[in-house]
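*Asks:* I am attaching a structure below and will ask some questions about it afterwards.
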Amino acid sequence: MCSTIERAMTSIAPTNKYMPKIIRPYGDQTNDGVVQLSFTLPIGVSPEARQAAVELAKKMGLDKILVATMESIDENFSFFVVYGRCQHDINMDDIKVVKIENPLLSFDEINDLIKAKIGRKLVVVGACIGSDAHTVGIDAIFNPKGFNHDWGFERYPWFEAHNLRAQVRVEELAKKVVDLKADAVLVSRVVTQRDEHIVELKKFLEQVKNTEGVQSHLIKICGGPRITHAEALSWGYDAGFGPGTRPSQVASFIVHEYLKRM
Ligand code: B12
C-alpha cells in the first residue's frame, strides 16, 4: 500500500546520482547551514534569558543567530526556538548505517510468500512490557486497521497474531511465547526514565533465555519511539523498530528472517 519511493527508502541506501557528497543543512539557500533548535532554560522570560539563549547557540557553534520564539513555561522557565547557521558539513561517504536489509514487501506479497514457502500461519506475539501503559504503539502494529495506511498483523490471513497489550510482565510474555509456540515475539517499550526501557528490554531477553520450551528459531523484535535497529542488535534482539514504523516493514522482516533460519 506504500509508494515505490517509500518502499525503496526503507531498505536501500540513497542512490540519486546527483546527490552531493558533502552536505550541509538547507535553510533559505543550498548549503547555508541554517538549523532550528528548541530548548528550555531554567530562567524566567527576560532580555537576559534571551541573551543567554543566544550565547548558548554561539557555544554550540552557530552564527547569524535569531531567537524566533521565547515563551514562558512558568515563572522560572523559558522555552526557545532559535535559528542559526552551523559551520559543519557531512561527507556522505563517511556515513555507515546498521539497517534492516531485506526488501520491503506488500501485504499481499507477505501473505503469498508465507503460503508458498512456509505453508502454515506464522505465530506472532506482542506486548508492551513492565509498568508501561502505552498500548498505542504495539496496537499500531497488531490492530487490523494498522498504521499510516498499512494494515496490522491481525488482518494478515497468514499470521496468527496475539496482542497482549500493555503492562505485561516479562515472565508472562515469555510464558505466552512458549504456550503459543511463537515464531516471533514483539516487545514494545515507550515510556522511560533514566534508560529504564533498556533495562526492561534486556530483562525480557534474560527471561527468554531462562525459560524452557521457547522455540529455538524465535525471532525477537523490539520497538518504540526511542529504539534504533543498531541499539536493539547490541542488546541481543534480532531487530529494532523506531518511530513511524509500519506493520508491513515488521512483517517483511519476520518472513525473511524466518525463511533464513529455516
Ligand atoms: C497517549 C499517551 C499516553 C496515554 C497512553 C494510552 C495508551 N493506551 O497507550 C496515557 C495517558 C495512559 C499516558 C500515560 C503516561 N505517559 Co504518555 N504519552 C502518550 C503520548 C501523547 C502518545 C503516545 C502514542 O500513543 N504515540 C503513537 C504511537 C503510534 O507511536 P509509538 O508509541 O512511537 O509507536 C510507533 C513506533 O514507536 C513503533 N513501535 C512502538 N512499539 C513497538 C513495538 C514493536 C515490536 C515494533 C516493531 C514497533 C513499535 O511503531 C509504532 C507505529 O509506528 C506520548 C507523547 C507523544 N506525542 O508521543 C506521551 C509520552 C510517551 N508519555 C509520557 C509520560 C511521561 C507518561 C506518564 C509517565 C505520565 C505520568 N506522569 O503519569 C504516564 C505513564 C503511564 C505508564 N504507566 O506507562 C512521556 C514519556 C517520556 C519518557 N521519558 O519516556 C511522553 C513522551 C510525553 C512527554 N513528552 O512527556 N501516556
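The values are calculated or read from the model by the stated rules, or taken from the named source; none is laboratory data. All values reported here derive from a predicted model rather than from experimental measurement. Note: ideal-geometry Cβ built from the backbone for every residue, glycine included; neighbour counts use all protein chains shown.
*Asks:* Scan region 125-132 and give yes if some residue there is part of a helix (DSSP H, G or I), assigned by TED's automatic domain parsing to the domain that holds CYS222 and within 15 Å of the ligand (Cβ to nearest atom), otherwise no. Working first, answer last.
*Replies:* Step one: of region 125-132, the residues part of a helix (DSSP H, G or I) are none.
Checked against the condition, which is being part of a helix (DSSP H, G or I), assigned by TED's automatic domain parsing to the domain that holds CYS222 and within 15 Å of the ligand (Cβ to nearest atom), region 125-132 yields no hits at all.
*Asks:* Let me ask something else. In region 173-200, how many residues are part of a helix (DSSP H, G or I), within 10 Å of the ligand (Cβ to nearest atom) and surrounded by 20 or more Cβ atoms within 10 Å (Cβ to Cβ)?
*Replies:* Of the residues in region 173-200, 1 are part of a helix (DSSP H, G or I), within 10 Å of the ligand (Cβ to nearest atom) and surrounded by 20 or more Cβ atoms within 10 Å (Cβ to Cβ).
*Asks:* Given the criterion within 14 Å of the ligand (Cβ to nearest atom), of a type in the set (A, V, I, L, M) and surrounded by fewer than 21 Cβ atoms within 10 Å (Cβ to Cβ), identify the matching residue among ILE90, ILE100, ILE95. Outline the logic, then answer.
*Replies:* Values: ILE90 fails: within 14 Å of the ligand (Cβ to nearest atom); ILE95 fails: within 14 Å of the ligand (Cβ to nearest atom).
After applying the criteria, what remains is ILE100.
*Asks:* Pick from ALA166, ALA116: which is of a type in the set (Gly, Ala, Ser) and away from the ligand (no atom under 13 Å from the Cβ)?
*Replies:* Working: ALA166 fails: away from the ligand (no atom under 13 Å from the Cβ).
Selected residue: ALA116, the only one of ALA166, ALA116 that is of a type in the set (Gly, Ala, Ser) and away from the ligand (no atom under 13 Å from the Cβ).
*Asks:* Evaluate the following for ILE110: is it surrounded by fewer than 21 Cβ atoms within 10 Å (Cβ to Cβ), of a type in the set (A, V, I, L, M) and away from the ligand (no atom under 12 Å from the Cβ)? Give the steps one after another, and end with the answer.
*Replies:* Details: surrounded by fewer than 21 Cβ atoms within 10 Å (Cβ to Cβ): no; of a type in the set (A, V, I, L, M): yes; away from the ligand (no atom under 12 Å from the Cβ): yes.
The answer is no for ILE110.
*Asks:* Now, a different point. Looking at LYS145, LYS115 in this structure, which one is farther than 19 Å from ILE227 by Cα, at pLDDT 95 or above and in a helix (DSSP H, G or I)?
*Replies:* Values: LYS145 fails: in a helix (DSSP H, G or I).
None of the other options fit; the residue is LYS115.
*Asks:* I'd like to verify a number: residues in region 219-239 that are among the aromatic types (Phe, Trp, Tyr) and either in contact with a Pro (Cβ under 7 Å, 6 or more places away or on another chain) or within 11 Å of the ligand (Cβ to nearest atom) (or both), how many? Give the derivation first.
*Replies:* Initially, region 219-239 is screened for residues among the aromatic types (Phe, Trp, Tyr), giving 235, 237.
Now narrow it down to the ones that are either in contact with a Pro (Cβ under 7 Å, 6 or more places away or on another chain) or within 11 Å of the ligand (Cβ to nearest atom) (or both): 237.
The qualifying residues number 1.
*Asks:* Next question. I want to confirm something. Restricting to region 133-147 and keeping residues that are within 8 Å of the ligand (Cβ to nearest atom) and touching a helix residue (DSSP H, G or I) at 6+ places or on another chain (Cβ under 8 Å), which single residue is farthest from LEU105 (Cα to Cα)? Before you say what the answer is, go through the steps one by one.
*Replies:* Residues of region 133-147 within 8 Å of the ligand (Cβ to nearest atom): 133-141, 147.
Okay, now just the ones that are also touching a helix residue (DSSP H, G or I) at 6+ places or on another chain (Cβ under 8 Å), so 140-141, 147.
Working: ALA140: 18, ILE141: 15, PHE147: 16 Å.
Restricting to residues being within 8 Å of the ligand (Cβ to nearest atom) and touching a helix residue (DSSP H, G or I) at 6+ places or on another chain (Cβ under 8 Å), the top hit is ALA140.
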